[in-house]
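None of the figures in this text is laboratory data; all of them are computed from the coordinates on show. None of these values were measured; they are calculated from a predicted model. With ideal geometry, Cβ positions are generated from the backbone for all residues, glycine too; neighbour counts draw on all protein chains shown.
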Amino acid sequence: MSIENVISSAIIRSFSEKLLDHLTLDVAIVGGGPSALVAARYLSDAGLKVAIFERKLAPGGGTWGGGMLFNEVVVQEDAIYLLDAFHITHRPIPDAPGYYTLDSVEMASGLIFGALKSGAKLFNSVSVEDIVFKEGKVNGLVINWTPVERLGMHVDPLTVIAGAVLDGTGHPSEIIHLAAEKAQIKLNTPTGGILGEKPMWVDNGEAQTVENTQEYFPGLFACGMSANNVAGGYRMGPIFGGMLLSGHKVARLMIEKLKK
Ligand code: 48F
């Protein structure tokens, strides 16, 4: 075989094997933002089969650009153990004890590397366009290539089946929206619906991101800004401790549920 076709066939075979091996999952994660990447790492460390489906070419979500494209972010003391676990460098802010700055690109790449090294698989440029909903339960995801979605091509999707689904889609809570609207389910919120994100209130938003991280319907969890949007939490801008802690919390909740 020519080297050209050695390369092509190796890529096609290797990708196909990876996808085939991940059509049935313990956890299907939608979105590769910071909270989801932390969750992916701890879910995989617990021996669960995990895949992340990320719409964009590069996972990392809202981490890359720091604050207003200044590529630094802030993390508070409570979450520093997670930065250490991913070997991400941080520096104390001299006049604000308990707060640290770090390079947002190192954070994004460190979280991605840590999640994948733990065994989670990433399918990028893949958009989740629907859920599999059978016998009153969320059973998996309906996926398609992002370029197909973006070009509005009339191409049918494929599916993956999962023991549980994690909505890590950030501010829009896309998967919980789909579930609430299309499957007409009642969510585990005071109204049974999505309450919607509130404006900026940094410390409150950080605390609520962790509090709001939970199972919103059997088999359907949310973390990060998605959880805040579902439960009506405040936004917080470029401080990321709450996101990291939310990812760790949701991993613990999902492990507990799936190992029962
Ligand atoms: O929004 P995002 O970074 O998720 P997060 O973990 O973190 C939020 C922070 O970045 C920031 C913040 C902190 O102060 O407020 O916003 O909650 O990443 C969400 C990822 O999900 C992908 C999207 O491209 C992004 O990378 N995503 C969204 N919808 C879909 C999706 C979908 N339907 N299918 C696949 N990926």
Margin query: Mean-square fluctuation check for the chain, GNM, Cα pairs under 10 Å: which of Leu48, Leu19, Leu102 is largest?
Written below: Leu19
Check: In straight Cα distance, which lysines are under 16 Å from Lys137, not counting same-chain residues fewer than 8 positions off?
Finding: Lys182, Lys186, Lys257
Item checked: Residues whose placed amide H lies under 5 Å from that of Leu195, excluding near-sequence neighbours -> Ala231, Gly232
Margin query: Straight-line reach only, C-alpha to C-alpha below 18 angstrom: list the lysines that Lys117 could link to, leaving out same-chain residues fewer than 8 apart.
Written below: Lys18, Lys49
Checklist line | Table column - 3J(HN,Hα) (Hz), segment 208-222, Karplus curve with 6.51, -1.76, 1.60, x for Gly and Pro | finding: 5, 4, 6, 4, 6, 6, 6, 8, 9, 6, x, x, 10, 10, 9
Notebook entry, point to check: At 4 °C and 1.567 mPa s, what whole-number value in µm²/s does Stokes-Einstein give for the translational diffusion of the chain, with Rh from the Kirkwood sum over Cα pairs?
Noted result: 70
Next item on the list: Have a look at Gly152, Gly62, Gly114 and tell me which one the Gaussian network model of the chain (Cα, springs below 10 Å) gives the largest fluctuation.
Entry: Gly152
Notebook entry, point to check: With each pseudo-label sitting 7 Å past Cα toward Cβ, what's the Ser125-Glu72 distance in nm, one decimal?
Noted result: 3.5
Note to self: If I take R0 = 30 Å and measure r between the Cβ atoms of Ile12 and Lys134 in this structure, what FRET efficiency does the formula 1/(1 + (r/R0)^6) give, to the nearest 0.05?
What the structure shows: 0.45
Next item on the list: If a/c stays under 1.5 just call it rounded; otherwise compare a/b with b/c (prolate if a/b is bigger, oblate if not). Do that for segment 127-260, with a ≥ b ≥ c from the square roots of the Cα gyration tensor eigenvalues.
Entry: prolate
Check: Pick from Asn204, Asn139, Asn228: which residue has the top mean-square fluctuation in a GNM of the chain where Cα pairs under 10 Å get a spring?
Finding: Asn204
Next item on the list: Output the relative contact order of the chain, whole-number percent, from Cα pairs under 8 angstrom with separation of 6+ residues.
Entry: 23
Item checked: Nonlocal amide H pairs with Leu122, under 5 Å, H built at 1.01 Å -> Ile52
